Amino acid sequence: MQITNRLKPILLSIKEWLSKLSFKTGIYTLLACVLLYAASFAQMLLPISPWAKSALWVILFGLAKTAQYSAIVILGKAGISRLRRFRKFG
């Protein structure tokens, strides 16, 4: 329990800092997320060993998930609604 009590304020401060970033930054983070997802699966086509492919997939997929959740925090509820409205009219 000791680690959780020390980690919680750190994670909350990171979440607060991310939520202060702009909408445009959230869009760029979302774009990075999409590119990392594409790269995580496209690297399977490379002529390298299965071990290297597995390692690359874990790294790239982990980065994509991190970018995804960061973009959600940056955009927030208002940003997600804004994206949906843009998609509806676009």
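The values are calculated or read from the model by the stated rules, or taken from the named source; none is laboratory data. Computed from a predicted model, the values in this text were never measured in an experiment. Surface accessibility is based on the protein's heavy atoms, side chains included, excluding ligands, DNA and RNA. Shrake-Rupley method; radii C 1.70, N 1.55, O 1.52, S 1.80 Å.
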Accessible area of residue 34 in the full protein assembly, 1.4 Å probe (Å², nearest 10): 90
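With a 1.4 Å probe and every protein chain left in place, work out the accessible area per residue of the chain in Å², rounded to a whole number. Spell out each step's value before the answer.
Working: 7150 Å² over 90 residues.
Solvent-accessible surface per residue comes out at 79 Å².
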Accessible-area value, residue 37, 1.4 Å probe, nucleic acids and ligands omitted, Å²: 60
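With the contact rule set at Cα under 8 Å and sequence spacing of 6 or more, what percent relative contact order holds for the chain? Provide the component values of the computation, followed by the final result.
Values: 59 pairs, mean separation 35.9, N = 90.
Once divided by the residue count of the chain, the mean separation gives 40 percent.
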Links that overshoot a 21 Å alpha carbon limit, given the list 15/77; 15/88; 24/53: 15/88; 24/53
Normalised alpha carbon radius of gyration of the chain [divisor 2.2 N^0.38 Å]: 1.37
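First compute the accessible area of the chain with a 1.4 Å probe, then give the percent of it belonging to carbon and sulfur atoms.
Values: 5120 of 7150 Å².
Heavy-atom surface of the chain belonging to carbon and sulfur, 1.4 Å probe: 72 percent.
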